[in-house]
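The structure under discussion appears below in the form of structure tokens.
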Amino acid sequence: MTDTQDHLTRLAEIAPDSPLAQARATRQAATDGIEASYQRLFAPQEVGGFTIAERLLLAQRISEWHGDRQLAAHYAQLQQTQPADGPRLQAALDHAERLAFKPAGAEAKHLQALQQAGWSLDDIVTLSQLIAFVSFQSRLLYGYRLLAGLPVATSGRAPVRASAWRTASHTASGRHAPPAFTGQELGWEPWIVAKPLEAFDEPGKALLTKFGHADSDYFRLLARDHAVLEQRTITDRAIFYTAGGLARQDRELAAAVASKVNGCIYCASVHARKAAQLSKRAEEVQRLLDVAPGGILSEGQGEDWRTQIDFAAALSATPPQANAAQLVALREQGLGELELLDLVQATAFFAWANRLMLTLGEPYDD
């Protein structure tokens, strides 16, 4: 790959002296983490069995499904060879399409199908990371272009409504599955083996220990590609744990909204709980969690949260549907460029996080 600069600046046509450029510079750690994640996925030091040609073709298709023609053209331009057609590639495309449009419809059998098509466990994790990252990347670009006043492809339909979620009473292993969205703490179990800590090399062990994830099945699963996991974790913390800008509880609210749109009960439970604790608005957070499939997520909310919820839900749709009028409403509430950037990045990140949680395992509540 030759695109070694911050690719999002070019693809979003961000002017160097613009308010958006200044806001991104304020959030430099997030900007750097996003770029490093991109490089780890598309210019890795060790490719393994998941070839660059496969990665670029998949990224192109995912970008198209998310409605970003410029991003799709970017990945098409980088392709120098075509991957081998056959059951292996088709299985990956099926997995990618599912993650793009209906991530809550994923089941353990879909990962088994990837293994049967020749995908190793390590490569399944990298494949899932790549699909989820491009879902995040496309929403970042959409949000950046909107902030910059550039035209975006939107159907204009609003508001985006809550999606359905899994309704099975038990997990693949037989544990009791949560029947609805909740603010209670949940467990999560993987559908493919999470390596025990002692099975990792020293860099892998050090990474898991550094971020406090050594005991987590989820992170020991993602650590099968610990180069990507490291940058993803840095990006996550830089988006959610930085001073100034959008209030932390509002970033957590955006994460919960995206999780409702994508049908991710586990992620919603974590971030709704944080939003309630930080805002002291537990009743309003519970109202969001209680919205049934097809319901309007912002219904019954105060004006400040209603506007943010509608925007976050619209940005989370596939393809995104956020629009300039929603941005005007947010600005009228007093949100400046840094607050708006934080809202875009916090929402977009859960296009990534939800697609990993929903398609690599499932929650339980026993």
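Any read-out appearing in this document is the output of simple, stated calculations on the displayed coordinates, not a laboratory observation. All figures in this text were calculated on a predicted structure; none of them were measured in a lab. Please note: Cβ atoms are built from the backbone with ideal geometry, for glycine as well, and neighbour counts cover all protein chains shown.
General observations
- Candidates per chymotrypsin sites (Phe, Trp or Tyr not before Pro) in segment 319-366, loop by DSSP, up to 14 other Cβ within 10 Å: none
- Calculated P(r) of segment 7-147 - Cα pairs past 20 Å, %: 48 percent
- Note on residue 292 and residue 81: with the Förster distance fixed at 35 Å, the Cβ-Cβ geometry gives a FRET efficiency of about 0.15.
- The structure-derived value of Kirkwood radius over Cα pairs in Å appears in the list [x] 22.2; [y] 20.5; [z] 21.3 under the label [y].
- Cβ crowding within 10 Å averaged over residues, with 31-43, 257-269, 162-174 ranked highest first: 257-269, 31-43, 162-174
- In sequence order, calculated HN-Hα J values of segment 304-315 (Karplus, 6.51, -1.76, 1.60; Hz; x Gly/Pro): 5, 6, 4, 5, 5, 5, 4, 5, 5, 5, 5, 5
- The stretch between residue 329 and residue 53, if pulled fully straight at 0.36 nm per residue, gains 95.1 nm over its current Cα-Cα span.
- Karplus-derived 3J(HN,Hα), 6.51/-1.76/1.60, for each residue of segment 177-185, Hz, glycine and proline x: 9, x, x, 7, 5, 8, x, 6, 6
- Across segment 250-258, rounded Karplus estimates of 3J(HN,Hα) from the backbone phi angles (6.51 cos²θ - 1.76 cosθ + 1.60, θ = phi - 60°) give 6, 5, 5, 4, 4, 5, 5, 5, 4 Hz, Gly and Pro being marked x.
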